[in-house]
Amino acid sequence: MCDFMRMWEQVSLSPSMANKGPSYGMSREVQSKIEKKYDDELEERLVEWIILQCGSDVGRPDRGRLGFQVWLKNGVILSKLVNSLHPDGSKPVKVPENPPTMVFKQMEQVAQFLKAAEDYGVTKTDMFQTVDLFEGKDLAAVQRTLMALGSLAVTKNDGHYRGDPNWFMKKAQEHKREFTDSQLQEGKHVIGLQMGSNRGASQAGMTGYGRPRQIIS
């Protein structure tokens, strides 16, 4: 039964179902659970950050999931956002003068943002799929991608981030230890001593695999 439920969730959430009509029964239950993951407070923070990062000309969406989706749906604001994290002359996404109105052009613009976000450092596990935004399938995933993008911008601290740095958590950075030549030589000496102490070890008294143990009375 559990396997059937997992299979049904995968089918009901797959991009191939994106053009279907309203979902009913179990698939509606799944969609309801996804919608509950959407964070209204997080929406406010992300909207404020995007406006600060891109400028007031991007406008402000109506509050709520639908307003957030409509605001980002054509991909233009998302493209401006990722471009704002790069210096002039190396903007990764071309933003059209007039927002695209044709569906495939809008989806293409969103896809360009996703590619640029991945190149910036957002991991695939933090990336939403175009259908999540365009069809409103999983706007919580859209929030997750934007949070990951903001966290990276704060972590890089290269002067392109605008806003309160406390809005996002810094990504954990790798700390590489530097060793001097004398420390490396000392480490080799310790390993050599350990190897030497094992040379006198004997397997006498150990029983080979598959052989019965002999007990001397």
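The values are calculated or read from the model by the stated rules, or taken from the named source; none is laboratory data. All of these numbers come straight from a predicted model, not from anything done at the bench. Virtual Cβ from ideal backbone geometry, glycine too; neighbours counted across all protein chains shown. Areas reflect the complete protein model, heavy atoms only, side chains present, ligands, DNA and RNA absent. Shrake-Rupley method; radii C 1.70, N 1.55, O 1.52, S 1.80 Å.
Table for the structure above
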| quantity | calculated |
| --- | --- |
| Matching entry among GLY196, GLY205, GLY192 (being small (Gly, Ala, Ser), out of contact with any Cys (no Cβ under 9 Å at 6 or more places or on another chain), assigned to a loop (DSSP other than H, G, I, E, B) and at pLDDT below 95) | GLY205 |
| Criterion violated by VAL131 - all others in (1) farther than 15 Å from SER79 by Cα; (2) part of a loop (DSSP other than H, G, I, E, B) satisfied | (2) |
| Which listed residue is modelled with pLDDT of 60 or more and open to solvent by less than 20 Å² (accessible area, probe 1.4 Å), from LEU42, LEU52, LEU46 | LEU46 |
| Extreme residue, modelled with the lowest pLDDT, among residues of region 143-189 that are small (Gly, Ala, Ser) and either open to solvent by less than 100 Å² (accessible area, probe 1.4 Å) or within 19 Å of ASP119 (Cβ to Cβ) (or both) | GLY187 |
| Test: GLU35 is at pLDDT below 95, open to solvent by 20 Å² or more (accessible area, probe 1.4 Å) and closer than 19 Å to THR130 by Cα | yes |
| Filtered residues of region 75-109 (kept if assigned to a loop (DSSP other than H, G, I, E, B) and of a type in the set (Val, Ile, Thr)) | VAL93, VAL95, THR101 |
| Every residue from region 106-131 that is farther than 23 Å from LYS91 by Cβ and open to solvent by less than 20 Å² (accessible area, probe 1.4 Å) | VAL131 |
